[in-house]
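Visitor: Shown below is the structure under consideration.
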Amino acid sequence: MPSAATATTATSTATAKYARMGDAMYALCLLNTVAFCTSVIFFKDSHHFDSVWAKDGFCISNPTTMHWNSHHLCLYTDVVLASLFGILYFFLHKSDGMEAANEFVFYGIFGVIAHGLGHGGLANGLFNEEKNNDDISIMSTIHTKESWAVALNELFSSSNVGLLVFWIGLLKASMPKTPFKGIMVLSILSFFGNLSVAPSFAFTYVQTVLLLAFSLNQIVRPKEEKGFAYLMYGIIVSLPLGLVGWLESTHCQSFVIHYGGHLLYDAYIPLSMAAFYIICYHNKENDVVKISKKKIE
């Protein structure tokens, strides 16, 4: 029977391997996110980006159709898939060896719903002529109001309060161990940043903030927490999601718009999270912690 020291060494070796590979995944995610943001800032109107996507900041199918445009479809899909994922989580989360995977997805379920509600607000904006200007930020509009009272009323409108809730939900999902006080501060800063960018840059802004926050938060984790789940989430969810963003922004009219537009990006999030969770469940018997326990016994 292997000694406890041998088991500990095997566990440490496996964890170190997962940590190195996971760090590489999240580093690639960071580089991809920065590259995408930089490209949009400097080359959005070039031939490299799809002209429809560049104008709207999203690839929107059926933009003039109430209830069936991409934003409404994202709302429906996010709520349904998050609910189904919640059921999956309910049945699997108490299984031995799922603790690390649970941390990645618990707040993520609520984040997906918040994301969907955000698209519901954007869907309503498609049919609001006053707000349907892709080149003028909300903050710029607020600054033109004739009085502070009117400006504050606009700032704290129901849609903007919903935007703040959107940021709280998604930042908590991105940084589950961060205290709520810290999440609130970051959410308020992100909220005002969101109001200050033109709608055509909104997607890029949101993706950049969330992927940077999530990836950096993962990389600085203690090494002993960087196990199988740490690596798999980077491989299955984080890095590919950034690549889907490239697909949408460069192939909107030729491909993406025919399959729901931005819906493909939104649907990928809960579907990839569910795939990650199921893989972790089927791997839990081979997790390094379980291996070490079996060897010791």
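Visitor: Would a scan of region 96-113 turn up a residue that is within 16 Å of residue 268 (Cα to Cα) and over 13 Å from the mean Cα position of the chain (by Cα)?
Guide: no
Visitor: Something else now. Is there any pair linking a residue in region 45-67 that is of a type in the set (S, T, N, Q) to one that is in a loop (DSSP other than H, G, I, E, B), with Cβ under 7 Å and at least six apart or on different chains, and which?
Guide: 61/69; 61/260; 61/261; 62/68; 62/69
Visitor: Looking only at region 213-237, which residues are assigned to a helix (DSSP H, G or I), in contact with a Phe, Trp or Tyr (Cβ under 7 Å, 6 or more places away or on another chain) and more than 19 Å from residue 39 (Cβ to Cβ)?
Guide: Taking region 213-237 and keeping what is assigned to a helix (DSSP H, G or I), we get 213-219, 223-225, 228-237.
Filter again for in contact with a Phe, Trp or Tyr (Cβ under 7 Å, 6 or more places away or on another chain), leaving 215, 218-219, 228-234, 236-237.
Listed by number, the residues that qualify are 218, 219, 228, 229, 230, 231, 232, 233, 234, 236, 237.
Visitor: Of all the residues that make up region 68-94, how many are hydroxyl-bearing (Ser, Thr, Tyr) and touching a residue at least 60 places away in the same chain (Cβ under 8 Å)? Please lay out each step first, then the result.
Guide: Going residue by residue through region 68-94, those that are hydroxyl-bearing (Ser, Thr, Tyr) are 70, 76-77, 83, 89.
Pick out the ones that are also touching a residue at least 60 places away in the same chain (Cβ under 8 Å) and you get 70, 77, 89.
The number of residues fulfilling the criteria is 3.
Visitor: From the residues in region 40-73 that are among the small types (Gly, Ala, Ser) and over 23 Å from the mean Cα position of the chain (by Cα), which one is nearest to residue 200 (Cα to Cα)?
Guide: Residues of region 40-73 that are among the small types (Gly, Ala, Ser), as a first pass: 46, 51, 54, 57, 61, 70.
So of that shortlist, the ones also over 23 Å from the mean Cα position of the chain (by Cα) come out as 46, 51.
Values: 46: 15, 51: 11 Å.
For region 40-73, the residue satisfying everything is 51.
Visitor: How about region 192-204: which of its residues are surrounded by fewer than 19 Cβ atoms within 10 Å (Cβ to Cβ) and either part of a helix (DSSP H, G or I) or among the polar types (S, T, N, Q) (or both)? It would help to see each step written out before you state the result.
Guide: Within region 192-204, the subset surrounded by fewer than 19 Cβ atoms within 10 Å (Cβ to Cβ) is 192-193, 195-198.
192, 193, 195, 196, listed by residue number.
Visitor: Still on this model: Step by step: first the residues of region 165-191, then only those that are exposed (fewer than 13 other Cβ atoms within 10 Å of the Cβ) and either outside any helix (DSSP H, G or I) or under 14 Å from the mean Cα position of the chain (by Cα) (or both), then the one that is modelled with the highest pLDDT. Which residue is that?
Guide: 179
Visitor: Looking at residue 42 and the list (1) assigned to a loop (DSSP other than H, G, I, E, B); (2) out of contact with any His (no Cβ under 9 Å at 6 or more places or on another chain); (3) not small (Gly, Ala, Ser), which single condition is not satisfied?
Guide: Exception for residue 42: condition (1).
Visitor: Ok, one more. Condition first: touching a helix residue (DSSP H, G or I) at 6+ places or on another chain (Cβ under 7 Å) and more than 21 Å from residue 272 (Cα to Cα). Now tell me which residues in region 63-95 satisfy that. Before you say what the answer is, go through the steps one by one.
Guide: Narrowing region 63-95 to residues touching a helix residue (DSSP H, G or I) at 6+ places or on another chain (Cβ under 7 Å): 63, 69-75, 77-79, 81-82, 85-86, 88-89, 92-93, 95.
If the condition is that a residue be touching a helix residue (DSSP H, G or I) at 6+ places or on another chain (Cβ under 7 Å) and more than 21 Å from residue 272 (Cα to Cα), then 63, 69 are the ones that fit.
Visitor: Is there a residue being modelled with pLDDT of 95 or more and closer than 30 Å to residue 256 by Cα anywhere in region 11-22?
Guide: yes
Visitor: Quick one: count up the residues across region 239-289 that are in a helix (DSSP H, G or I), within 24 Å of residue 97 (Cβ to Cβ) and not hydrophobic (A, V, I, L, M, F, W, C).
Guide: So the count comes out to 9.
Visitor: Can you name the number of the only condition in (1) crowded, with 20+ Cβ neighbours inside 10 Å; (2) of a type in the set (Gly, Ala, Ser); (3) at pLDDT 95 or above that residue 254 fails?
Guide: (1) is the only condition that residue 254 fails.
Visitor: While we're looking at this one, here's another question. Report, by residue number, each residue of region 227-236 that is surrounded by fewer than 24 Cβ atoms within 10 Å (Cβ to Cβ) and under 28 Å from residue 49 (Cα atoms).
Guide: Within region 227-236, 235, 236 meet the criteria.
Visitor: On to the next question. How many residues are buried (at least 19 other Cβ atoms within 10 Å of the Cβ) and within 30 Å of residue 198 (Cα to Cα) if we restrict to region 64-97?
Guide: 11
Visitor: Among the residues of region 203-212, is there at least one that is polar (S, T, N, Q), at pLDDT below 95 and either closer than 26 Å to residue 54 by Cα or out of contact with any Phe, Trp or Tyr (no Cβ under 9 Å at 6 or more places or on another chain) (or both)?
Guide: Of the residues in region 203-212, the ones polar (S, T, N, Q) are 204, 207-208.
Cutting the leftovers down to at pLDDT below 95 gives us none.
There is no residue in region 203-212 that is polar (S, T, N, Q), at pLDDT below 95 and either closer than 26 Å to residue 54 by Cα or out of contact with any Phe, Trp or Tyr (no Cβ under 9 Å at 6 or more places or on another chain) (or both).
The values are calculated or read from the model by the stated rules, or taken from the named source; none is laboratory data. Note that the structure is a prediction, hence the values are computed from the model and not measured. Quick reminder, even Gly has a Cβ in these numbers, built from the backbone with ideal geometry, and neighbours come from all protein chains shown.
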